[in-house]
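Down below is the structure, laid out as structure tokens.
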Amino acid sequence: MTDCDERTAVRGWDQSLEHGHAYLRTAVNGRHRPQVFTPEIIYQTACMAIERLFMAFLMQRGSLPANHTIPDLYRAVRDVVPVDGYLRQELLYLAKFEEGLCAVVPDASQRPEPKDVDRIVAAAEAVRDFVHGHMSGSAAGV
């Protein structure tokens with residue numbers, strides 16, 4: 001690690017990065033199998049990718065979020081580096097589904113639909129690109 005103090009990094013960040021890539025590949029490829037990968041499954045898989053990618057970024061810097069929700073991950077990342085408006089907007093877009101799916105009584109109007117799938121995957125890809133652009137050293141190439 002060249003730009004990051006090794007003493008502050010949380011062990012396992014590299015595995016988190018690998019897992020994020022794997023979840024993202026699954027979401028990307030799942031778009032081509034809608035009979036198996038429903039919009040909700042694509043959403044959940046994309047969110048797992050986002051969570052793992054952001055966690056790798058934060059762990060490498062020795063920083064951890066309060067929780068692992070999209071808004072909490074966003075705030076933790078934003079506290080480390082500036083987050084551009086596009087990525088913030090896409091994370092807010094994803095958070096509306098999180099609220100609907102994680103509620104005690106899920107709100108059907110907040111469930112992802114087929115029309116949302118490409119944007120959901122694009123948001124996860126934007127997180128990957130953001131993380132790769134801000135990872136220290138050669139870590140982003142995992």
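Structure data summary
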| quantity | calculated |
| --- | --- |
| Listed peptides 54-62, 119-127, 27-35 by packing density, highest first (mean Cβ within 10 Å) | 54-62, 119-127, 27-35 |
| Relative contact order, percent, segment 13-136 [alpha-carbon distance under 8 Å, six or more residues apart] | 31 percent |
| Gain in span if fully extended, Q35 to L92, counting 0.36 nm per residue against the direct Cα distance | 17.8 nm |
| Per-residue ³J(HN,Hα) for segment 77-91, Karplus 6.51 cos²θ - 1.76 cosθ + 1.60, θ = phi - 60°, Hz, x for Gly and Pro | 5, 4, 6, 9, 9, x, 10, 5, x, 4, 5, 4, 4, 5, 5 |
| Sparse-neighbour loop sites [GluC sites (Glu not before Pro); segment 1-78; at most 11 other C-beta within 10 Å; DSSP] | E6 |
| In nm, spacing of pseudo-spin labels at D79 and R25 (7 Å Cα→C-beta vector) | 3.3 nm |
| Proxy reagent accessibility, fewest Cβ within 10 Å first, across E90, E113, E98 | E113, E98, E90 |
| Prolate/oblate/rounded label for segment 13-136 (Cα gyration tensor, a/c 1.5) | prolate |
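Values in this text are rule-based calculations from the coordinates and carry no lab data. Everything numeric in this text was worked out from a predicted model, so none of it was measured. Virtual Cβ from ideal backbone geometry, glycine too; neighbours counted across all protein chains shown.
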